[in-house]
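This report refers to the structure that appears directly beneath it.
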Amino acid sequence: MSTRHDTAAPPVKEGGAAPGHRPSGTVSDEAAKKRARLSRRWQRDMRWSPYAFVSPFFLLFAAFGLFPLIYTGWASLHQVELTAPTDMSWVGLRNYTRIFDDDFFWNAARNTLTIGVISTVPQLLMAMGLAHLLNYKLRGSMFYRVAMLAPYATSIAAASLVFVLLFGRDYGMINWALGFVGIDNIDWQNDHWASQFAVSTIVIWRWTGYNALIYLAAMQAIPQDLYESAALDGANRWQQFLHVTLPSLRPTILFTVVVSTIGASQLFGEPLLFDANKGASGGSQHQFQTLGLYLYEQGWVNQHLGRASAIAWTMFLILIVIGLVNYVISRRLRASSSSD
Amino acid sequence: MRARTLPHLRLRGNGRSSAARRALAVAAVVSMGTGLLAGCADDGDSGSDGSSGDSAGKTTITLGLFGTQGFKEAGLYAEYEKLNPDIKIAETVVERNENYYPALVNRLTSNSGLQDIQAVEVGNIAEVATTQADKLMDLSKVEGVDKGDWLDWKWQQATTRDGATIGLGTDIGPMAICYRKDLFEQAGLPTDREEVGKLWAGSWDKFVETGQKYQEKAPDGTTFLDSPGGLILAILSGEKEKFYDAAGEVVYKDNPAVKNAFDLTAQAAEDGLIGNQTQFQPAWDQTIANNKFAAVACPPWMLGYIKGKSQPDAAGKWDVAAAPKPGNWGGTFLSVPKSGKNAEEAAKLVAWLTAPEQQAKLFAKQGSFPSAPGAYELPQVTGAKNEMTGDAPIGEIFAKAAEGVPNQPIGPKDQIIQQGLTDNGVILVTQGKSPKEAWETATKTIDNNLDQ
């Protein structure tokens, strides 16, 4: 191979880029042609092969991501019923304009936000605390780590159904336990805040361990000398946590906040299964109906595919707004952390 | 420069194998893509392949069912296969109709993946009859099918405006009132089923008045009825019209019968006669197990449900009395999609399965009440007893109720309206809301859900 090393450095008179040049007279015309052909092939290879290699993902994405997305957008401009999905009648933006005065949509949006806050904030705080504890040298630390991940490996359906029983009004274990401290039966399914709290509990239970492990991994990557020098400067444990651990975890915290926010905005399985009714109304007064649930109710229970599509796109736009806000905040944070 | 020349050199060294590699990559991508597309296309095809002749030359008829229809358990398939040696029968069962029906609609609209015979629940039959009738066989034209074999209202439920009957009735749910003899006695009410029936004969108002009498001396912690949803449903099931009028228009808000049923239920709930439960939820099941209510609106299948959820000592403590007005709750139809390969044979099987003799056998085994009055004379029905109700002649009681059920128009969105009235309506009264507030929540929910 080294014999052809000369080809890499073309004579100036030929001009052009390295691969395209014609070799000088010592080689016969035929060989030159062959070489040129190979060279063109190589060029094509270099230009197109990468696309072929990444194409499986994009083909899949086009078939199962992009096409449904666009088709949903198209359907949202029509009145379509599930009983006759090909029978569309054009209604323009009516499915979107009606969302503005659709009390059920805004109720669902409010619920999604409040359940999101009630579930995400304590979840991340508890995850941080747990990670901090697990970061100490403990007997059987592997056991604790596995145990924390167990809820994450449980199916939503199984977990939710068990929680429904625990939160039962008349025969639930939680009300039974609360009875000993003198708290009367709480109607976990029908009371507005109680039901949202109960749904959030399922989310917290499932995701705290997962986030704790992410924090733990990031904590273990913090160099020990930072703590040592902080200790030398007279910082106690709490100050070390505030001034060493937390700043080092900033990107990780941001990641978990973004992931939890996305998860919270798509919340669906827990409230669906927490519903005492067979539909998807999220409680008899829609007190814990999330956007995902409302979308499902319109599309699959009420069979209004057009309306459901418009809700889906509106959710998508709301998510984009949330994403932008996240981006701005994270840039601010990064700017402030680099100036530290 | 170095980075750019290196692959260049390598290429020159073995251009041929690289071309082969590239061809392989392209082939892989292409095959993957086409495989995917083929995969999509295949899905529909293999689905509709459900029915086919097998190696022995037999015709296999497939049934798509939900819940426990019990044809197989009652030995009806085996019997039919014996009568028709060329036929083999196979069924696929989805446990819950909520999961079964959306898939059925999907398959009907795309006309693929269907079984030779599909079961349809009464709550969905109107929607299927109004939107999917062109995909289903008109079974009234099948040999041996006689309209007179079925109760008129059952036949009409599966008949379209053009007169095509797209489903043949299997079971129905004629309603009576199941009550606890022991609790009635403790509250000073009669316990004999004739006398109990007389307490409220002909009027749901009297039924609620009886409830008030019960509640005055009720055993601690019990209510007269199980749930508000059960009561409003029972009242509405016996009306001439409920949510749709005969012309097929939604009239639930203007129909005085609906508002009266709502108000009566709300009043009973405000007076504390009704447990604050939603039917078929775990908490409701526990009120059965713990004997928390004295009476419940009760089609034949409800006895099976009660039996499943009761403690053993509750056996024989129930009895069955006639409802104030007869109504129907539940029932199933069998339909035959036109696109099936064995549609003709399937239609014959449906006709056989829904004939009075087979319905009577099914009742004896499964407790699914026959929709063919011819079966009511058969010993399986006349001599029927239930463990929960002791020696009560339930076959006769329910048969009498079945013949009094009005021919009520049902509509495609009955279930949505009904669910709005119960789960977003009367249940709120048991939670301390005013009837007016409950009605407003219910109607607002229903109107939003109906709006296309």
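So how do B:MET137, A:MET219, A:MET126 rank on accessible area, 1.4 Å probe, biggest first, that is with the largest at the start?
Values: B:MET137 30, A:MET219 5, A:MET126 95 Å².
The residues order as A:MET126, B:MET137, A:MET219, largest area first.
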**Asked** Quick one: what Rg and Dmax do you get for region A:93-183 from the alpha carbons, in Å?
**Response** 19.7, 62
**Message:** As an exercise, use a Förster radius of 45 Å and the Cβ-Cβ distance of A:ALA177 and A:ALA84 to find the FRET efficiency, rounded to the nearest 0.05.
**Reply:** 0.30
**Asked** Cα centroid distance between region B:403-435 and region B:205-265, in Å?
**Response** 9 Å
**Asked** Counting partner chain Cβ atoms within 10 Å of every residue's Cβ in B:273-285, what's the average?
**Response** 4
**Message:** Could you give each residue of region A:206-215 its phi-based ³J(HN,Hα) in whole Hz, using Karplus coefficients 6.51, -1.76, 1.60 with θ = phi - 60°, and x for Gly or Pro?
**Reply:** 6, 10, 4, x, 4, 5, 4, 5, 5, 4
**Message:** Per-residue counts of other Cβ atoms within 10 Å, averaged by peptide: what ranking do you get for B:95-102, B:417-424, highest first?
**Reply:** B:417-424, B:95-102
**Message:** Give me the net charge for the shell around A:ASN135: Cβ to Cβ below 12 angstrom, other residues only, Lys and Arg +1, Asp and Glu -1.
**Reply:** +3
**Item:** Lys/Arg +1, Asp/Glu -1 at C-beta; the protein assembly as shown dipole; positive extreme among A:ILE118, B:CYS298, A:TYR210
**Value:** A:TYR210
**Fill in**
Convex hull around the C-alpha positions of region A:123-276: the volume in Å³ per residue is 146 Å³
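Return a whole-number percent for the relative contact order of region A:101-338, with Cα pairs under 8 Å and 6 or more residues apart as the contact set. Don't jump to the answer; show the numbers that get you there.
Working: 261 pairs, mean separation 63.0, N = 238.
Computed over region A:101-338, the figure is 26 percent.
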**Request:** In whole angstrom, note down how far apart the Cα centers of region A:248-309 and region B:356-391 are.
**Result:** 46 Å
**Request:** Taking 7 Å along the Cα-to-C-beta vector as the label spot, tell me the B:PHE280-B:THR191 distance in nanometres, rounded to one decimal.
**Result:** 3.3 nm
**Message:** Within 10 Å of each candidate Cβ there may be at most 14 other Cβ atoms; applying that plus a DSSP loop requirement, which GluC sites (Glu not before Pro) in region B:109-149 survive?
**Reply:** B:GLU143
**Prompt:** Is region A:220-340 best put as rounded, prolate or oblate by its Cα gyration tensor, with a ≥ b ≥ c the root eigenvalues, rounded for a/c under 1.5, and otherwise prolate when a/b is larger than b/c, oblate when not?
**Reply:** prolate
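For A:THR120, what is the net charge nearby, where nearby means another residue's Cβ is under 15 Å from its Cβ and Lys, Arg count +1, Asp, Glu -1? Could you put the intermediate results ahead of the total?
On the way: positive: A:ARG206; negative: A:GLU270.
Around A:THR120, the surrounding residues sum to 0.
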**Asked** How would you classify the protein assembly as shown from its alpha-carbon gyration tensor, with a ≥ b ≥ c the square roots of the eigenvalues: rounded for a/c under 1.5, else prolate if a/b is greater than b/c, otherwise oblate?
**Response** oblate
**Item:** Solvent-accessible heavy-atom area per residue, rounded to whole Å², over region B:272-359 at 1.4 Å
**Value:** 32 Å²
**Asked** Residue separation times 0.36 nm, minus the C-alpha to C-alpha distance between A:PHE61 and A:TYR152: what's the value?
**Response** 30.1 nm
**Request:** Provide the convex hull volume over Cα atoms per residue for chain B, in Å³.
**Result:** 223 Å³
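Ignoring ligands, DNA and RNA and using a 1.4 Å probe, state the total buried accessible area between A and B in Å², rounded to the nearest 100.
Numbers: alone 21690 and 21390 Å², together 38490 Å².
Separately minus together, A and B give about 4600 Å² buried.
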**Request:** Would you tell me the mean number of C-beta atoms belonging to other protein chains that fall within 10 Å of each C-beta in A:168-174, as a whole number?
**Result:** 4
**Item:** Greater than 26 Å apart at Cα, pairs in B:LYS242/B:LYS433; B:LYS135/B:LYS348; B:LYS154/B:LYS348; B:LYS82/B:LYS154; B:LYS198/B:LYS413
**Value:** B:LYS82/B:LYS154; B:LYS198/B:LYS413
**Residue-averaged beta-carbon neighbours from other chains (10 angstrom radius) around A:38-45** = 4
**Asked** Cα axis of helix A:29-61 to longest principal axis of chain A: angle in degrees, 0 to 90, nearest 10?
**Response** 0 degrees
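Using a 1.4 Å probe and counting only protein heavy atoms, arrange A:TYR144, A:TYR210, A:TYR51 so the residue with the most accessible area comes first. Intermediate results must be reported in sequence, preceding the final value.
Details: A:TYR144 105, A:TYR210 55, A:TYR51 140 Å².
The most accessible residue leads, giving A:TYR51, A:TYR144, A:TYR210.
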**Asked** Cα centroid distance between region A:120-193 and region A:53-93, in Å?
**Response** 39 Å
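Send over a whole-number figure in Å² for the accessible area per residue of region A:203-266, probe 1.4 Å. Mind showing how you got there, number by number?
On the way: 3450 Å² over 64 residues.
Result: 54 Å² of accessible area for each residue.
Would you work out what percent of the accessible area of region B:379-452, with all protein chains in place, is carbon or sulfur (probe 1.4 Å)? Don't skip to the answer; put the middle values down first.
Details: 1360 of 2870 Å².
Answer for region B:379-452 is 47 percent, counting heavy atoms of protein chains only.
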**Asked** Where a ≥ b ≥ c are the square roots of the eigenvalues of the C-alpha gyration tensor, would you call chain A rounded, which needs a/c under 1.5, or, failing that, prolate if a/b is larger than b/c, or oblate?
**Response** oblate
**Asked** Can you give the translational diffusion coefficient of region A:153-204 in µm²/s, computed by Stokes-Einstein from the Kirkwood radius over Cα pairs at 37 °C and 0.692 mPa s?
**Response** 290 µm²/s
**Request:** Tell me what chain B gives for mean residue ellipticity at 222 nm when only DSSP H runs of n ≥ 4 count, each as -39,500 (n - 2.57), the sum divided by the residue total, rounded to 500 deg cm²/dmol.
**Result:** -14500 deg cm²/dmol
**Fill in**
Neighbours of B:ASN448 by Cβ distance under 12 Å: Lys/Arg at +1, Asp/Glu at -1, summed charge -3
**Request:** For region A:70-105, state which residues have at least 10 Å² less accessible area in the presence of all protein chains than in their chain by itself, taking the probe as 1.4 Å and leaving out ligands, DNA and RNA.
**Result:** A:GLN79, A:GLU81, A:LEU82, A:THR83, A:PRO85, A:ARG94, A:ARG98, A:ASP103, A:PHE104
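Please compute the contact order of chain B in relative form: average sequence separation of alpha-carbon pairs under 8 Å and at least six residues apart, divided by the residue count, as a percent. Please list the in-between numbers first.
Details: 800 pairs, mean separation 98.6, N = 452.
RCO, chain B: 22 percent.
The values are calculated or read from the model by the stated rules, or taken from the named source; none is laboratory data. Since the structure is predicted, the reported quantities are computational estimates derived from the model, not experimental observations. So basically every Cβ, Gly included, is an ideal-geometry build from the backbone, and we count neighbours across all protein chains shown. Note: areas computed on protein heavy atoms with side chains; ligands, DNA, RNA excluded. Shrake-Rupley method; radii C 1.70, N 1.55, O 1.52, S 1.80 Å.
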